1. Filter region 21-63 down to the residues that are within 19 Å of Glu172 (Cβ to Cβ), assigned to a loop (DSSP other than H, G, I, E, B) and among the acidic types (Asp, Glu) and list them by number.
2. If you take the residues of region 155-199 that are in contact with a Ser or Thr (Cβ under 8 Å, 6 or more places away or on another chain), modelled with pLDDT of 80 or more and assigned to a helix (DSSP H, G or I), which of them is most open to solvent (accessible area, probe 1.4 Å)?
3. Just to be sure I understand, how many residues within region 19-45 are buried (at least 20 other Cβ atoms within 10 Å of the Cβ) and more than 19 Å from Gly186 (Cβ to Cβ)?
4. Would you point out which residue out of Gly100, Gly66, Gly76 is farther than 24 Å from Glu172 by Cα, at pLDDT below 75 and outside any loop (DSSP other than H, G, I, E, B)?
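The values are calculated or read from the model by the stated rules, or taken from the named source; none is laboratory data. No experiment lies behind these values; they were computed from the predicted model shown. With ideal geometry, Cβ positions are generated from the backbone for all residues, glycine too; neighbour counts draw on all protein chains shown. In case anyone asks, the SASA skips ligands and DNA or RNA and just uses the protein heavy atoms, side chains included. Shrake-Rupley method; radii C 1.70, N 1.55, O 1.52, S 1.80 Å.
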Amino acid sequence: MSKVQGGMKCVKYLLFVFNFIFWLSGSLVLAVGLWLRFDPDTTNLLDENNAPEHFFIAVYILIGAGGVMMLVGFFGCFGAVRESQCLLGSFFACLLVIFGAEVAAGVFGFLNKDKIIQDVQKYYQSAMEISNGTAITSMYHKVLECCGTESSRPPDLCTDDSHVKNCDKAIEDFFKEKLFIIGYVGIGIAGIMIIGMIFSMVLCCAIRNSREVI
């Protein structure tokens, strides 16, 4: 029985340490999500009324998952210390839900990468074609250091001293970098959560077995 108790204490402390790391990871995910949402460059490019919203959908999933991770990490620490099967079971269920959200954010970012980039490119091209789109195109030129597209370089927008890089390529490079951050963060944290689910189930089983022995 002492070996069972000793093993249970070991798992309990491991789960407590894991949950503290998990809480810190949630803080990191939340910070990354907020940075992606309020990054001045991204905000300037996509904050107009008719701008594509697909990119921000993945960002909002990341922000929500990060906030819930912080909350769940706190309750996971409490459940481990109290050795409560109910709290540990709830912790496992919450991890499973967040795991799904994180994977969804990562998969959404990777699968919709081309569509998001194409939508933003079309948005820029349509802004070049309308008379009141000068403010939008100017913002793209300033943020991305580009001008025009591969097939169109309007002389009224792109002067001789304008940036040589075309905006289609600049938009692709910019959003690929952002979407890879979303994908890697989502999948990386999902891997950490798998470890947490294993720890919580092991501790839950150890608690049940020790009570049966008693």
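1. Within region 21-63, Asp39, Glu53 meet the criteria.
2. Within region 155-199, the subset in contact with a Ser or Thr (Cβ under 8 Å, 6 or more places away or on another chain) is 157, 166-168, 178, 189, 192.
Then keep just the ones that are modelled with pLDDT of 80 or more; that gives 166-168, 178.
Right, trim to assigned to a helix (DSSP H, G or I) and you get 167-168, 178.
On the way: Cys167: 0, Asp168: 32, Lys178: 14 Å².
The qualifying residue most open to solvent (accessible area, probe 1.4 Å) is Asp168.
3. So the count comes out to 2.
4. On the way: Gly100 fails: at pLDDT below 75; Gly66 fails: at pLDDT below 75.
Every option except Gly76 fails the conditions.
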